[in-house]
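Notes follow the structure.
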Amino acid sequence: MRPPHPSCRLAPHVHGVAVDEDAVFLDVARDRYVCVPQAGALLRLDAARRVVGVADPGFAEELRRAGLAADGSLDRPLPPPLAPATTSAMSGPFAPPRWHDGLAGVRAMADLARAYWRRPLAQLVDTARDGATGAADTPPGPGLLKTVEGFHRWAPFAPAPGKCLLRSFMLLRLLRRHGHDAHWVFGVRTWPFRAHCWLQRGEVVLDDDLEALVPLTPILVV
């Protein structure tokens with residue numbers, strides 16, 4: 001009798017989610033996404049359709065060869081699913097920046113120079129995870145929302161690219177310097193494929209319009 005095929009789980013640096021019938025994987029160590037059409041049925045999923053294991057032996061072997069999976073007897077423990085977003089702090093329009101907003105922007109750019117530039121995605125994720133306080137699931141208080149409002153006054157004028165990874169990381173660092181916290185959420189969609197990230201506190205999106213996130217399924221929450 002042939003021995004049973006070893007069970008298979010995602011590699012520690014890989015996160016996955018089923019989007020409709022497809023499977024999407026985020027390889028944090030290599031800073032890449034992999035989309036596999038019609039592969040959702042080959043995976044073990046939790047209630048939020050996050051990948052906790054690989055059910056099909058043939059597909060498991062393909063994932064091993066790609067460096068996305070490893071042998072293991074236990075499914076990966078995952079944190080509770082992210083609360084669905086119901087509102088956004090981007091209700092604007094925001095007032096023009098004030099003189100102290102300029103100082104806040106200078107400090108934020110100096111912080112980026114130390115913590116962001118030339119850092120791989122895995123290091124950014126580790127930095128964000130290490131600073132988490134466990135308060136990101138609770139509703140945002142007035143102090144946090146005031147900090148977010150100030151950020152949105154000066155951020156459009158900051159001498160930095162407007163990509164979502166930089167913007168959300170910069171705001172997360174700013175919030176933590178003021179004693180606040182938020183989830184850093186990475187989401188995906190397929191057909192056409194798109195990857196995006198944003199900050200969320202409880203059910204409130206802090207740096208994006210709610211409508212822009214409706215088609216996205218969270219794949220990683222830090």
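Under 1.5 on a/c is rounded, so check that first for the stretch 124-197, then, if it is not, pick prolate when a/b is larger than b/c and oblate when it is not; a ≥ b ≥ c are the square roots of the alpha carbon gyration tensor eigenvalues. Provide the component values of the computation, followed by the final result.
Numbers: a/c = 1.76, a/b = 1.25, b/c = 1.41.
Oblate.
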(Q) With the crude spin-label approximation of a point 7 Å out along Cα→Cβ, what separation in nm comes out for Phe193 versus Asp31? (A) 1.7
**Q.** Label-to-label distance, nm, for residues given as Ala55 and Leu103 (7 Å Cα→Cβ offset)
**A.** 5.9
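Calculate, for the stretch 166-222, the solvent-accessible area per residue in square angstrom, rolling a 1.4 angstrom probe over the heavy atoms of the protein chains.
Values: 2030 Å² over 57 residues.
I get 36 Å² per residue for the stretch 166-222.
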Q) Measuring from a point 7 Å past the Cα of Leu78 along Cα-to-C-beta, which residues in the stretch 24-63 have an amide N at less than 12 Å? A) 24-26, 43-54
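Over the stretch 33-121, average the accessible area per residue using a 1.4 Å probe and give it in Å², no decimals. Don't skip to the end; give the middle numbers.
Working: 5320 Å² over 89 residues.
On a per-residue basis, the stretch 33-121 sits at 60 Å².
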Q) Relative to the Cα centre, what is the charge dipole magnitude of the stretch 122-222, using +1 at the beta carbon of each Lys and Arg, -1 at the beta carbon of each Asp and Glu, and rounding to the nearest 20 debye? A) 280
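Once R0 is set to 45 Å, what does the formula 1/(1 + (r/R0)^6) return for the Cβ-Cβ distance between Arg64 and Phe94, expressed as a FRET efficiency to the nearest 0.05? Can you show the working numbers first?
Details: r = 49 Å, r/R0 = 1.08.
Efficiency, rounded to the nearest 0.05: 0.40.
Can you tell me the FRET efficiency between Ala122 and Cys164 if r is taken as the Cβ-Cβ distance and R0 is 22 Å, rounded to the nearest 0.05?
On the way: r = 18 Å, r/R0 = 0.80.
After rounding to 0.05, the efficiency reads 0.80.
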**Q.** Relative contact order of the chain, defined on C-alpha pairs under 8 angstrom at six or more residues apart (%)
**A.** 23
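Under DSSP H, which helices of the chain have Cα atoms covering 18 Å or more of the helix axis and a Kyte-Doolittle average no less than -1.0? Before the final figure, lay out the partial values.
Details: long enough: 99-115 (25 Å, 0.11); 142-154 (19 Å, -0.35); 164-177 (20 Å, 0.80).
Once both thresholds are applied, what remains is 99-115, 142-154, 164-177.
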Q) Considering only protein heavy atoms, what is the solvent-accessible area of Asp126 at a probe of 1.4 Å, reported in Å² to the nearest 10? A) 80
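If I compute solvent accessible area with a 1.4 Å probe over the protein chains, what percent of it on the stretch 32-147 is carbon and sulfur? Don't skip to the answer; put the middle values down first.
Details: 4170 of 6910 Å².
Of all accessible area on the stretch 32-147, carbon and sulfur atoms account for 60 percent.
Under the rule of -39500 (n - 2.57) per DSSP H run of 4 or more residues, summed and divided by the residues of the chain, what mean residue ellipticity at 222 nm is obtained, to the nearest 500 deg cm²/dmol? Before the final figure, lay out each step's value.
On the way: 6 runs with 67 residues, N = 222.
Result for the chain, helices only: -9000 deg cm²/dmol.
Mean separation of Cα pairs under 8 Å and 6+ residues apart, divided by the residue count of the stretch 94-208: what relative contact order is that in percent?
Details: 115 pairs, mean separation 34.6, N = 115.
Computed over the stretch 94-208, the figure is 30 percent.
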Q: Specify the inter-centroid distance of the stretch 74-118 and the stretch 138-192, based on alpha-carbon positions, in whole Å.
A: 1
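Find out how many positive minus negative residues lie around Gly187, taking Lys and Arg as positive, Asp and Glu as negative, among other residues whose Cβ is under 11 Å from that of Gly187.
Numbers: positive: Arg189, Arg194; negative: Asp208.
Cβ neighbours under 11 Å give a net charge of +1.
The values are calculated or read from the model by the stated rules, or taken from the named source; none is laboratory data. Note that the structure is a prediction, hence the values are computed from the model and not measured. Methodologically, a virtual Cβ is constructed for each residue, glycine included, from the backbone with ideal geometry; neighbour enumeration extends over all protein chains shown. For the accessible areas, the whole protein counts, side chains as well, though only heavy atoms, and no ligand, DNA or RNA atoms are used. Shrake-Rupley method; radii C 1.70, N 1.55, O 1.52, S 1.80 Å.
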